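Engineer: The structure under discussion is supplied below as structure tokens; questions concerning it will follow.
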Amino acid sequence: PIIAAAIAAIDAVTQGGLQLAGVVIVVYIVVRQVEDQLVMPVVIGRAVHLHPVVTIFAVLIGLEVYGVLGGLLGVPAAAAINVIFNTLYPHGIAVAEADADETPPRPKTPDLPHPPGPPSSGPKPALRAPATLPAAIPAPADPDDAPPRAPD
């Protein structure tokens, strides 16, 4: 980029003087910045299926962490991470989280018939054991005195 700007500036000096060379250098810098900051992230993002903002941040983070090499490898690394997440979560992370948070529906219980009459408003009485056992089964006085049971 610097060599191209120098060649354009030298040609501008020979054609129209230092004033034209200054204008050429300013225009070159503005066009170069627009291309580097706006056009290239969009083009690269479409090529690797990344949002332009992700592309810009991948380059900036790569530059900050690993210098020039990180700036060059930031977008390919972001694209690789994007492929991994798209493979693991083909419908998106939000859908996967929503599926994990959702509890399975309870099975529907059949409607049982209700006894006729109004429902009772008080507590239900507790179930009690009968006071005496039937006469056919004698009750042992002590559990240790019970007759031995036959093996099953």
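Engineer: Six or more apart or on different chains, Cβ under 8 Å: which pairs go from a residue in segment 63-83 that's without any contact (Cβ under 8 Å) to a residue 40 or more places away in the chain and over 14 Å from I44 (Cα atoms) to one that's surrounded by fewer than 16 Cβ atoms within 10 Å (Cβ to Cβ) and of a type in the set (D, E, K, R)? Could you list them?
Structural biologist: G70/E64
Conditions tested, residue by residue: (1) at pLDDT 85 or above; (2) more than 19 Å from the chain's Cα centre (by Cα).
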| site | (1), (2) |
| --- | --- |
| D36 | no, yes |
| V42 | no, yes |
| E64 | yes, yes |
| L69 | yes, yes |
| L72 | yes, yes |
| A79 | yes, no |
| L88 | yes, no |
| A96 | no, no |
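Engineer: Please go through segment 82-92 and pick out each residue that is within 15 Å of H51 (Cβ to Cβ) and surrounded by 13 or more Cβ atoms within 10 Å (Cβ to Cβ). If you could, list the steps in order and put the result at the bottom.
Structural biologist: Step one: of segment 82-92, the residues within 15 Å of H51 (Cβ to Cβ) are 82-83, 85-86, 92.
Within segment 82-92, just N82 meets the criteria.
Engineer: Let me ask something else about it. Pull up segment 1-58, narrow it to residues that are surrounded by fewer than 15 Cβ atoms within 10 Å (Cβ to Cβ) and among the polar types (S, T, N, Q), then point me to the one that is nearest to V75 (Cα to Cα).
Structural biologist: Q37
The values are calculated or read from the model by the stated rules, or taken from the named source; none is laboratory data. Note that the structure is a prediction, hence the values are computed from the model and not measured. Every residue, glycine among them, receives a Cβ derived from its backbone with ideal geometry; neighbour counts consider all protein chains shown.
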